[in-house]
Amino acid sequence: MTKAERIRQAIQQTKQRHKEQVPVVYELKVNLNSLSKADRKNLIALFSEAKWLYNHIVADIDNRLKYESYKLSEVEVKVGDKFETRPIINLSSQMKQSIVERIQRNLYALHSSKEKGNKVGALKFKREVNSIPLKQYGKTFKFTNEQKTKVKLQGFNKPIRVLGGHQIPEDAEIAKAELVRKASGIYLHVTCYIGKEDFLKVWQNRVNRKQIVKRREWKTFNQAAAIDFKPTGVVLSNGLKIEWKIEETPRLKRLQRTLSCKKKGSRNRQKVKQKVRKEYEHIVNVRQDVVNKVISLLYRYDTLIYQDDNIQAWHKGSFGKSIQTSAVGMIKRGLRDSLRVSTVLIDRFQPTTKTCSRCGNVQSLELSDRVYKCPACGSELDRDLNATYNMLKFVGLDRSEVKPVEHETAVKIFGANPKVLISFVQ
């Protein structure tokens with residue numbers, strides 16, 4: 001058997017094994033304080049060299065996009081009106097291969113978009129490259145101790161200390177990773193595969209950094225629910241209403257005013273810009289936390305029914321900013337791509353909001369009309385709740401009232417979060 005055949009056979013075996021496993025991504029933070037000045041400089045230089053290599057290939061993509069690009073030891077970089085030769089010292093060969101493969105994927109994405117009739121252009125140069133793929137565990141990176149607190153990167157002599165390695169189970173199959181630079185520091189996103197039977201046990205028996213097991217219980221509701229998405233939240237067919245609003249903080253507005261007064265190119269401007277990036281990252285993390293908790297609550301239902309609303313068109317309307325701050329589209333994408341709950345999509349042109357859920361009368365409504373009043377049968381109920389009732393009727397299901405376990409679980413998941421409001425509508 002040749003080397004190529006052995007590689008092909010190993011890939012097929014890995015694919016078959018991963019069909020019985022669940023992919024999980026763990027985020028570990030690199031402890032920059034534990035590094036020497038030289039190692040810290042080399043680690044940060046990885047992202048600069050990745051940007052140089054990416055832009056060097058894109059500048060002459062017809063001739064330079066080759067698999068042998070990983071052998072480049074120096075590239076030309078445009079500095080002002082001149083070109084300078086910069087050495088590629090810290091990027092390993094596999095890191096260079098990953099950057100070349102990323103360019104190939106970007107080209108394929110442009111080609112696919114063009115085939116769909118979209119207007120596309122050429123690949124553009126990058127101002128920054130903030131992620132570097134580490135595609136092979138044991139070669140590009142590997143953990144050097146059982147606690148997974150030290151990781152050895154290809155091209156570095158000493159291992160790097162990371163925080164959060166206790167999250168990775170002992171029997172997890174580590175596949176790949178990605179070195180990510182954010183405003184708050186440098187992170188290592190490790191992709192692991194865990195058996196489907198062991199995944200629930202890992203979730204229930206969460207281990208903290210002191211190796212103390214914190215037991216969690218996954219409660220299911222054993223019923224279906226319809227969801228009506230709003231610009232600022234969701235309404236369920238059982239009457240549960242969840243709203244949240246995550247806006248720019250006063251500190252961010254103050255920093256932006258300070259940034260506008262700083263001289264371009266100065267060190268003080270760079271310091272303030274770094275603070276602005278950290279504040280933006282904090283807002284994104286808060287929003288992502290709310291989205292994850294909403295999805296965690298919805299996963300506990302057997303079946304979810306919702307309308308295929310055009311979220312992209314909502315952005316162009318009068319409440320576009322509310323949509324951006326609430327991240328409703330992220331929730332829909334999480335439900336659409338999930339394998340943990342069955343979903344039923346209703347056509348976006350189905351008049352669920354205009355139709356009376358009791359008698360079937362159809363009437364026009366304004367956006368300001370939050371209560372549905374039927375002139376035919378005289379029923380009055382919340383506009384969004386009426387839409388969820390019609391969704392259940394469309395798929396042939398009966399509506400149910402909110403149970404105590406649903407209320408307790410919702411309160412337990414969101415806690416005393418001042419950004420989230422939980423209420424009940426009728």
Given (1) without any contact (Cβ under 8 Å) to a residue 40 or more places away in the chain; (2) surrounded by 13 or more Cβ atoms within 10 Å (Cβ to Cβ); (3) among the charged types (D, E, K, R), where does residue 382 come up short, assuming only one miss? (1)
Qualifying positions in segment 327-383 - more than 25 Å from residue 302 (Cα to Cα) and of a type in the set (Ser, Thr, Tyr): 355, 364, 368, 372, 379
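Considering 305, 311, 346, which residue is among the hydrophobic types (A, V, I, L, M, F, W, C) and either modelled with pLDDT under 85 or within 25 Å of residue 286 (Cα to Cα) (or both)? Walk me through it before giving the result.
On the way: 305 fails: either modelled with pLDDT under 85 or within 25 Å of residue 286 (Cα to Cα) (or both); 346 fails: either modelled with pLDDT under 85 or within 25 Å of residue 286 (Cα to Cα) (or both).
Among 305, 311, 346, only 311 is among the hydrophobic types (A, V, I, L, M, F, W, C) and either modelled with pLDDT under 85 or within 25 Å of residue 286 (Cα to Cα) (or both).
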Sort out which residues of segment 391-409 are part of a helix (DSSP H, G or I), modelled with pLDDT under 85 and in contact with a strand residue (DSSP E or B) (Cβ under 9 Å, 6 or more places away or on another chain), and write them in order of number. 406, 407
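Could you tell me whether any residue of segment 236-243 is among the charged types (D, E, K, R) and at pLDDT 85 or above?
Scanning segment 236-243, I find at least one residue that is among the charged types (D, E, K, R) and at pLDDT 85 or above, so the answer is yes.
Please verify whether segment 43-55 includes one or more residues that are modelled with pLDDT of 90 or more and basic (Lys, Arg).
Taking segment 43-55 and keeping what is modelled with pLDDT of 90 or more, we get 43-55.
With basic (Lys, Arg) added as a condition, the list becomes 51.
Looking for residues that are modelled with pLDDT of 90 or more and basic (Lys, Arg), one finds at least one in segment 43-55, hence yes.
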Among the residues of segment 91-109 satisfying the criterion of being small (Gly, Ala, Ser) and farther than 15 Å from residue 179 by Cβ, which is nearest to the chain's Cα centre (by Cα)? 109
Can you work out which of the residues in segment 153-186 that are of a type in the set (D, E, K, R) and in a strand (DSSP E or B) is surrounded by the most Cβ atoms within 10 Å (Cβ to Cβ)? 181
Does residue 375 satisfy the criteria of being surrounded by fewer than 16 Cβ atoms within 10 Å (Cβ to Cβ), within 26 Å of the chain's Cα centre (by Cα), without any contact (Cβ under 8 Å) to a residue 40 or more places away in the chain and part of a loop (DSSP other than H, G, I, E, B)? no
For segment 48-86, what are the residues that are surrounded by 15 or more Cβ atoms within 10 Å (Cβ to Cβ), farther than 18 Å from residue 123 by Cβ and aromatic (Phe, Trp, Tyr)? 70
Lone qualifier among 284, 290, 234, 294 - being within 29 Å of residue 411 (Cβ to Cβ), touching a strand residue (DSSP E or B) at 6+ places or on another chain (Cβ under 6 Å) and part of a helix (DSSP H, G or I): 290
Output yes when any residue across segment 21-42 is closer than 30 Å to residue 147 by Cα, assigned to a helix (DSSP H, G or I), among the hydrophobic types (A, V, I, L, M, F, W, C) and in contact with a strand residue (DSSP E or B) (Cβ under 7 Å, 6 or more places away or on another chain), and no when none is. yes
Filter segment 28-43 down to the residues that are surrounded by 15 or more Cβ atoms within 10 Å (Cβ to Cβ) and not polar (S, T, N, Q), then identify the one that is nearest to residue 91 (Cα to Cα). 43
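Any residue in segment 324-346 that is among the charged types (D, E, K, R) and either in contact (Cβ under 8 Å) with a residue 24 or more places away in the chain or buried (at least 16 other Cβ atoms within 10 Å of the Cβ) (or both)?
The first filter runs over segment 324-346 and keeps only residues among the charged types (D, E, K, R), leaving 332-333, 336-337, 340.
Still in the running and either in contact (Cβ under 8 Å) with a residue 24 or more places away in the chain or buried (at least 16 other Cβ atoms within 10 Å of the Cβ) (or both): 332, 340.
Looking for residues that are among the charged types (D, E, K, R) and either in contact (Cβ under 8 Å) with a residue 24 or more places away in the chain or buried (at least 16 other Cβ atoms within 10 Å of the Cβ) (or both), one finds at least one in segment 324-346, hence yes.
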So in segment 118-150, with the set limited to residues that are in contact (Cβ under 8 Å) with a residue 40 or more places away in the chain and among the β-branched types (Val, Ile, Thr), which one is nearest to residue 61 (Cα to Cα)? 129
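The values are calculated or read from the model by the stated rules, or taken from the named source; none is laboratory data. All of these numbers come straight from a predicted model, not from anything done at the bench. Cβ coordinates were reconstructed from backbone atoms using ideal geometry, including for glycine residues, and neighbour counts include every protein chain displayed.
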